[in-house]
Amino acid sequence: MLKRSVLKFMALVFIASFFTIGCRVKLDPVRILTFQEKLSELFINPKVNKLKDTLNNFTIYNFEIDQFLEKSNKDLGVFKQQFKLVHFSEELPVVVSFVNDFNAEEHFEF
């Protein structure tokens, strides 16, 4: 009885090691992109301006990107899309604003 359980255990170890060795996959190294590289990969001609509000202690990132008028016909040209990310703290979520009538130059120092 003991021999049978030892044989079962050895067979189980052999099968487990076979699958463990057989499942190894060689992965290519991953290149971590910078924020600007990732933006350039996603959008056309991205521009980011960092605005610091010294009174209220938060940071606004102003993004300007070019987008195609029509993805299927890129010859029609592009339009500029602008949005802002407001960052109050590292521990808090980021606020996104797509309102176009917000004039940051009136409220923040560059």
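The values are calculated or read from the model by the stated rules, or taken from the named source; none is laboratory data. The shown structure was predicted, so the numbers you read here are calculated from the model rather than taken from an experiment. So basically every Cβ, Gly included, is an ideal-geometry build from the backbone, and we count neighbours across all protein chains shown.
Here are the numbers:
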item: Residue pairs meeting the criteria (Cβ under 7 Å; at least 6 apart or on separate chains; first more than 29 Å from K52 (Cβ to Cβ) and among the β-branched types (V, I, T), in segment 66-92; second at pLDDT 85 or above and in a loop (DSSP other than H, G, I, E, B)); result: V78/L69
item: Test: residue in segment 18-31 that is surrounded by 10 or more Cβ atoms within 10 Å (Cβ to Cβ), modelled with pLDDT under 85 and not hydroxyl-bearing (S, T, Y); result: yes
item: Output for segment 40-77, where each listed residue is aliphatic (A, V, I, L, M), loosely packed, with under 14 Cβ neighbours inside 10 Å and not in a loop (DSSP other than H, G, I, E, B); result: L42, I44, V48, L76
